[in-house]
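Below is one structure; the comments refer to it alone.
The values are calculated or read from the model by the stated rules, or taken from the named source; none is laboratory data. Every value quoted in this text rests on a predicted model; they were computed, and no experiment measured them. A quick note on method: Cβ atoms are made from the backbone with ideal geometry, for glycine too, and the neighbour counts reach across all protein chains shown. These area figures cover heavy atoms from the full protein model, side chains too; ligands, DNA and RNA do not enter into them. Shrake-Rupley method; radii C 1.70, N 1.55, O 1.52, S 1.80 Å.
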Amino acid sequence: MTQTAALGLFGGTFDPIHAAHLRMAQAFRQELRLAEVRLIPAGQPYHRQHGTHASPQQRLEMAQLAIDGQPGLTVDPREVQRNKPAYTIDTLQEIRAEIGPDPALWWLIGGDSLASLHTWRRWEQLFELANIAVALRPGFDAARLPAAVRTQWQARQVTDFSNGAPSGTMRPLALPPLDVSATEIRHRLHSGASVEHLLCAPVLDYIRQHRLYL
Ligand code: ATP
């Protein structure tokens, strides 16, 4: 019997997509032996108070530029095209319906997103649809997670992933943390500081051409 390939999903604002995102996506792909990791730029992130800085279409185009030459990474435009608030639960429901109930589905988030998971729409249902992998950012401390999230984080971690559960488990990624954020990059671009080491060249060219984050 052939096992259906597990699929990795990585949603983010990607405003702009940066070196840590790409490194996380590749570590995720390699550690979990995923044939494909789909980057899913958020359309209208409902949880961002001040909106984004580049348009959804521009964030999508930057993600498409960034994956060039990155094995196994693809970009899924569905949230940008949805043209209404982007909820992870809706995206997962759609993708699960497309791939069927059996393949393992993994959703990748950073440790700071884990700390606010309980604010996501219908968050406890996420576990019925996908497993969650967490890239721990510098300074992550499980003891400081909100109680409801900490309970899930402790209960859902398993040591043996060989049964390839379609959904319901959680695991940390082993990659060393990289202290880079889009916020810092936007500040650096705004103040004229160098960002070459934080972004890939085609994305930086795009930012300059479109005069973003000035
Ligand atoms: P911002 O600074 O604008 O909040 P960001 O750098 O966190 O942006 P997002 O697009 O919001 O980028 O990130 C997408 C996902 O990647 C989130 O789950 C976030 O936690 C995670 N992430 C981003 N950078 C890192 C990093 N350096 N280490 C671990 N996780 C990260």
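Out of all the residues in segment 45-56, is one or more touching a Gly at 6+ places or on another chain (Cβ under 9 Å), over 30 Å from Thr151 (Cα atoms) and at pLDDT 95 or above? No, segment 45-56 has no match at all.
Residue by residue, here is whether (1) open to solvent by 20 Å² or more (accessible area, probe 1.4 Å); (2) in a loop (DSSP other than H, G, I, E, B); (3) within 14 Å of the ligand (Cβ to nearest atom) holds:
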site	(1), (2), (3)
Phe14	no, yes, yes
Ala20	no, no, yes
Ile40	no, no, yes
Pro103	no, yes, no
Trp107	no, no, yes
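All of Gly168, Gly164, Gly192 fail the test of being in contact with a strand residue (DSSP E or B) (Cβ under 7 Å, 6 or more places away or on another chain) and either away from the ligand (no atom under 13 Å from the Cβ) or at pLDDT 95 or above (or both), apart from Gly168.
For beta carbons closer than 6 Å, sequence separation of 6+ or different chains, a first residue in segment 195-214 that is more than 11 Å from Gln58 (Cα to Cα) and a second that is among the aliphatic types (A, V, I, L, M) and in a loop (DSSP other than H, G, I, E, B), the qualifying pairs are Leu198/Val180. For Ile89, the conditions (1) touching a residue at least 60 places away in the same chain (Cβ under 8 Å); (2) within 16 Å of the ligand (Cβ to nearest atom); (3) hydrophobic (A, V, I, L, M, F, W, C) are fulfilled apart from (1). All conditions but one from (1) within 12 Å of the ligand (Cβ to nearest atom); (2) farther than 30 Å from Gln125 by Cα; (3) surrounded by 16 or more Cβ atoms within 10 Å (Cβ to Cβ) apply to Pro177; the one that does not is (2). Scanning segment 109-132 for residues that are open to solvent by 10 Å² or more (accessible area, probe 1.4 Å), away from the ligand (no atom under 14 Å from the Cβ) and within 14 Å of the chain's Cα centre (by Cα) turns up nothing. Anything in segment 195-214 that is within 16 Å of the ligand (Cβ to nearest atom) and farther than 30 Å from Leu32 by Cβ? List them, or say none. The answer is Ile207, Leu212, Tyr213.
The C-beta contact set for segment 131-157 (first residue free of Cβ contacts under 8 Å to residues at least 12 places away in the same chain, second residue aliphatic (A, V, I, L, M) and open to solvent by 20 Å² or more (accessible area, probe 1.4 Å), distance under 7 angstrom, 6+ apart or interchain) comprises Arg150/Ala142. Residue by residue through segment 148-157, note down the ones that are open to solvent by less than 60 Å² (accessible area, probe 1.4 Å) and over 20 Å from the mean Cα position of the chain (by Cα). Listed by number, the list holds a single entry, Ala148.
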